[in-house]
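The values are calculated or read from the model by the stated rules, or taken from the named source; none is laboratory data. As the structure is a computational prediction, the values presented were derived from the model and not from experiment. Note that each Cβ is placed from the backbone with ideal geometry, even for glycine, and that neighbours are counted across all protein chains shown.
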Amino acid sequence: MALKIYNTLTRKKEPFVPLRKGEVGIYVCGPTVYSDAHLGHAKSYISFDIVVRYLRWLGYRVKYVQNITDAGHLLDTGEDRILKGAKREKLDPMELTEKYIRNYFEDMDTLGCLRPNISPRATGHIPEQIKLVETLLKKGYAYETNGTVYFDITKFPEYGKLSHRKVEEQVAGARVEVRTEKKHPADFALWIHASPEHIMKWDSPWGVGYPGWHLECSAMSMKYLGETLDIHGGGMDNMFPHHECEIAQSEAATGKQFVRYWMHNNMVLVDGVKMSKSLGNFITIKEALNKYSPEQIRFFILTTHYRSPVDFSNSAVQGAGEGMHKIHTTFERISGIVQTTPKGKSSPEINKILEVHKKKFIEAMDDDFNTPLAIGTLFDLSRELNKYLDRTHDDVSLQPALEVYEKLGGKILGILPFSKKAGIEGTQFIELLIEMREKLRAEKQWKLADEIRSKLQELGVSLEDKLGKTTWKKN
Ligand SMILES: [Zn+2]
């Protein structure tokens with residue numbers, strides 16, 4: 001079976017065929033950087049991290065673009081989120097966005113999300129956005145009133161094709177409208193005239209103003225990925241109006257299909273209600289990391305499919321941690337055996353177990369990135385291997401098993417020790433201490449040597465002296 005992706009546009013799982021052979025261009029709507037990211041964001045970016053990791057594992061050269069909204073994102077009240085945040089923290093708007101961009105990357109790095117290849121900022125792409133508005137005006141899809149430019153939705157009959165909403169419903173669902181200068185209530189702003197007190201504003205052919213939020217994603221995605229993208233991702237709540245407006249702007253400007261596969265992740269719920277900043281029922285990633293390990297958060301999110309909502313509660317994350325521990329201990333057991341018995345015989349029985357489970361894992365991932373099922377096969381694999389290891393004492397090579405864990409659980413899912421840097425440093429430290437202990441023993445400084453051993457034991461690392469060599473394993 002080859003990879004199938006659920007396409008929101010067609011509401012069907014479709015075989016994945018990229019536009020250019022061997023290459024994938026993916027754009028994901030990034031954060032609006034005015035405060036710390038919460039677990040809802042973690043679900044979104046972990047979901048797309050898995051998509052990128054898996055596509056790379058399949059051999060594609062993936063160009064992953066994720067924007068940073070550092071301008072022009074209005075609240076339902078018509079207020080600019082960045083300006084609101086800047087006032088709250090008594091910072092210059094650019095200081096505020098810089099602070100939260102850094103925090104965002106720090107959180108994502110900790111959660112094991114690979115960095116996008118390009119992280120374009122809205123404020124760095126004002127000329128591209130102005131150019132897109134000019135094209136839309138020239139082609140008759142937009143009109144200007146008092147320094148504000150609107151997209152005329154009556155000129156784009158396909159408006160609504162992604163969210164399957166009719167224009168009348170769109171009006172009902174639209175943000176509270178403060179302006180009355182629009183031709184149609186559902187027309188949306190491409191460029192907004194700035195009042196004198198507005199801080200983040202730029203010169204344009206229509207006077208001083210700032211871009212509408214939807215515009216940046218069209219301008220920046222097409223700049224870096226071309227006029228037709230393979231995949232565009234984002235949260236389900238972005239489907240309307242944001243992605244609908246992106247389609248209208250882009251397709252009206254180019255006359256081409258904007259996105260081949262639209263992917264939307266579901267949200268994190270708290271007591272059945274969406275976790276969001278506006279509702280105040282959120283837990284930031286930084287707060288969550290004080291309580292849970294990064295792998296545990298990742299594991300918790302991945303045990304639910306990206307298109308399904310996940311209910312957050314302390315006990316749910318703890319339960320995920322316990323599940324993850326089972327896979328981790330098997331992985332550690334195998335690593336320990338590989339370290340102490342690096343030259344065992346190849347075992348056809350183990351190879352068979354590995355082959356069967358690897359196949360199931362790939363089938364699950366090929367089926368629209370079914371991570372809960374993929375994790376399920378890792379549980380089964382761990383159980384089978386433990387059963388085998390409990391009953392046999394032959395010196396068999398577990399190197400192939402270790403590799404399967406590293407590939408499936410590490411490289412693809414990122415739930416096995418992914419903080420490689422810390423892992424290597426940790427290992428090096430332990431080995432350095434073992435070396436020091438050996439020197440101390442050679443000099444008959446038994447007390448100090450024993451102290452190293454017992455201190456390591458306290459830290460969860462036990463040493464074993466066998467045939468003049470010391471090996472170690474985590475308890
Ligand atoms: Zn976007």
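Please find, within region 111-125, the residue that is farthest from Ser250 (Cα to Cα) out of those that are buried (at least 22 other Cβ atoms within 10 Å of the Cβ) and in contact with a strand residue (DSSP E or B) (Cβ under 6 Å, 6 or more places away or on another chain). Per the criteria, the residue is Pro116. Can you find a residue that is farther than 30 Å from Met365 by Cα, more than 32 Å from the chain's Cα centre (by Cα), among the aliphatic types (A, V, I, L, M) and at pLDDT 90 or above anywhere in region 455-462? No: zero hits.
Scanning region 43-58 turns up no residue that is more than 16 Å from the ligand (Cβ to nearest atom) and among the small types (Gly, Ala, Ser). Out of Ile50, Ile68, one residue alone is β-branched (Val, Ile, Thr), at pLDDT 95 or above and over 26 Å from Asn370 (Cβ atoms). It is Ile68.
Okay, residues lined up against (1) acidic (Asp, Glu); (2) in the same structural domain as Thr32 (by TED's automatic domain parsing); (3) surrounded by 21 or more Cβ atoms within 10 Å (Cβ to Cβ); (4) over 30 Å from Thr303 (Cβ atoms):
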position: Lys63; (1), (2), (3), (4): no, yes, no, no
position: Gln66; (1), (2), (3), (4): no, yes, yes, no
position: Glu79; (1), (2), (3), (4): yes, yes, no, yes
position: Glu89; (1), (2), (3), (4): yes, yes, no, yes
position: Tyr100; (1), (2), (3), (4): no, yes, yes, no
position: Leu132; (1), (2), (3), (4): no, yes, yes, yes
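The single condition among (1) assigned to a helix (DSSP H, G or I); (2) within 16 Å of the ligand (Cβ to nearest atom); (3) over 18 Å from Ser278 (Cβ atoms) that Ile26 does not meet is (1). Among residues of region 217-239 being part of a helix (DSSP H, G or I) and surrounded by 24 or more Cβ atoms within 10 Å (Cβ to Cβ), the one that is farthest from the ligand (Cβ to nearest atom) is Ala219. Only one entry in Ala288, Ala248, Ala320, Ala253 is touching a Phe, Trp or Tyr at 6+ places or on another chain (Cβ under 8 Å), farther than 30 Å from Leu215 by Cα and among the aliphatic types (A, V, I, L, M), namely Ala320. With the structure loaded, tell me whether Glu251 is within 13 Å of the ligand (Cβ to nearest atom), surrounded by 18 or more Cβ atoms within 10 Å (Cβ to Cβ), assigned by TED's automatic domain parsing to the domain that holds Tyr150 and charged (D, E, K, R) or whether it fails that test. Answer is no for this residue. The sole residue among Leu96, Leu132 that is among the hydrophobic types (A, V, I, L, M, F, W, C) and closer than 27 Å to Ala288 by Cα is Leu96. None of Val259, Val268 is closer than 21 Å to His164 by Cβ, crowded, with 21+ Cβ neighbours inside 10 Å and among the β-branched types (Val, Ile, Thr) except Val259. Among the residues making up region 290-343, those that are assigned to a helix (DSSP H, G or I) and polar (S, T, N, Q) are Asn290, Gln296, Asn314, Ser315, Gln318, Thr329, Thr330, Ser335, Gln339, Thr340.
For region 1-16, taking the residues that are in contact with an Asp or Glu (Cβ under 9 Å, 6 or more places away or on another chain) and assigned to a loop (DSSP other than H, G, I, E, B), the one that is nearest to the ligand (Cβ to nearest atom) is identified as Phe16. Of the set (1) surrounded by 13 or more Cβ atoms within 10 Å (Cβ to Cβ); (2) closer than 18 Å to Leu354 by Cβ; (3) at pLDDT 90 or above, all apply to Gly414 but (2).
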